[in-house]
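The next block holds one structure in the form of structure tokens; read it before the comments.
The values are calculated or read from the model by the stated rules, or taken from the named source; none is laboratory data. All figures in this text were calculated on a predicted structure; none of them were measured in a lab. Every residue, glycine as well, gets a Cβ built from its backbone with ideal geometry; the counts of neighbours run over all protein chains shown. We work out accessible area using only protein heavy atoms, side chains counted, and drop any ligands, DNA or RNA first. Shrake-Rupley method; radii C 1.70, N 1.55, O 1.52, S 1.80 Å.
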Amino acid sequence: MTVDALTVGALTDVSGMRVGHASRTGDGWLTGTTVVLAPEGGAVAAVDVRGGGPGTKETDALDPRNVVQRVDAVVLTGGSAYGLDAASGVMAWLEERGRGVPVGADPSHVVPVVPAACVFDLGRGGDFRARPDAAFGRAAVEAAAASAPGARVPEGCVGAGTGAAVGAMKGGIGTAAIVLDSGITVAALVVANAAGSVMDPETGVLYGELLQGRVEYPEERVHEAALRRLAESAAASAPPPLNTTLAVVATDADLTKAQAQKLAGTAHDGIARAVRPVHLLHDGDTVFALATGARPLGTGPVGSAHPLALNDILAAGADMVTRAIVRAVRAAEPVTEAGGTWPSYEELYGGR
């Protein structure tokens, strides 16, 4: 197993947030786990699940009607439902540090609530049984904890993005962030592993880039060659359409649990802009939202949180998810394993 420590990046632009990856490739392996580690004291957390085939853990605890308000970590993992075992390694690490929901007079008596979601990558390295376990989760959270504040998040084929695919093309992990005029930071980290396509089949342009201003269209001959290569790869790999796009949207704004849930919900719009079709029966599309509460939203005329300030955060969350998907696809590298062949977008279109 290789552990990828963090190197100054997007999700980590939200002060206190850290990200760690654990990956394994070769000898039948092509999978990994990514952990988002919240600052001490945790972060307000929520989730919105839209895919028809989700694989999740502890998502019910994030319902605003339920008692848990803050979590210390979120796990994104390969291995389909088997890979959710990675969360156990994160739970053990947190318990050793007394981080979790207090359940007794003894400060060490805590129950860490570690929400998790998985992507389908089983067999892509050649061995169906090669999937993350608790050791992956511990390795990823240790990598996160060891990283410097604001460290860059490695993108592409790392962590939960190691075995990711978008259609017949290689997927991966991407991240993006923005600082609003209010000074509030909104960021996203995405595992792009969609059953749908991220690319317009008529032009070769990434859907997500169509929303970012003027784009450069590839030459027709380049696009035709890319389509032929993708068709060959799809035929050779013949993967089942069991995929998922996962995202964590984080902000330093002071949000309630209900507001965080709204952020998770609107962030799905960012997936829909970059992947077509989306939220299918064979997708497990899931978005988590984390809010550290370091910055107030700002107040309206009667002292309540100003709705326009929240709207800015909601819009930014969706935009950052779109950008993160683009970055995931752009950062991905081609992979050929016993389980199949997945060219990368940069390989197909020459780094345009």
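Filter region 72-90 down to the residues that are touching a helix residue (DSSP H, G or I) at 6+ places or on another chain (Cβ under 8 Å) and open to solvent by 30 Å² or more (accessible area, probe 1.4 Å), then identify the one that is nearest to Thr162 (Cα to Cα).
Out of the qualifying residues, it is Asp85.
What do you reckon, is Asp106 surrounded by fewer than 24 Cβ atoms within 10 Å (Cβ to Cβ) and either at pLDDT 95 or above or assigned to a helix (DSSP H, G or I) (or both)?
So Asp106 fails the test.
Of the conditions (1) touching a helix residue (DSSP H, G or I) at 6+ places or on another chain (Cβ under 6 Å); (2) open to solvent by less than 10 Å² (accessible area, probe 1.4 Å); (3) under 15 Å from Val278 (Cβ atoms), Thr244 satisfies every one except a single condition; which number is it?
Thr244 satisfies all of (1) touching a helix residue (DSSP H, G or I) at 6+ places or on another chain (Cβ under 6 Å); (2) open to solvent by less than 10 Å² (accessible area, probe 1.4 Å); (3) under 15 Å from Val278 (Cβ atoms) except (1).
Out of all the residues in region 109-121, which are buried (at least 21 other Cβ atoms within 10 Å of the Cβ) and within 15 Å of Ala61 (Cα to Cα)?
Pro112, Val113, Val114, Pro115, Ala116, Ala117
Please pick out the residue among Glu96, Glu40, Glu58 that is in contact with a Pro (Cβ under 6 Å, 6 or more places away or on another chain), open to solvent by 20 Å² or more (accessible area, probe 1.4 Å) and charged (D, E, K, R).
Glu58
Give the residue that is farthest from Arg276 (Cα to Cα), with candidates limited to residues of region 204-231 that are of a type in the set (Val, Ile, Thr) and under 27 Å from the mean Cα position of the chain (by Cα).
Looking at the filtered set, the residue picked out is Val215.
Take the residues of region 322-352 that are assigned to a helix (DSSP H, G or I) and hydrophobic (A, V, I, L, M, F, W, C): which is farthest from Arg273 (Cα to Cα)?
Filtering first and then ranking leaves Leu348.
Evaluate the following for His279: is it on the phi > 0 side of the Ramachandran plot, at pLDDT below 95, open to solvent by 10 Å² or more (accessible area, probe 1.4 Å) and of a type outside the set (Gly, Ala, Ser)?
yes
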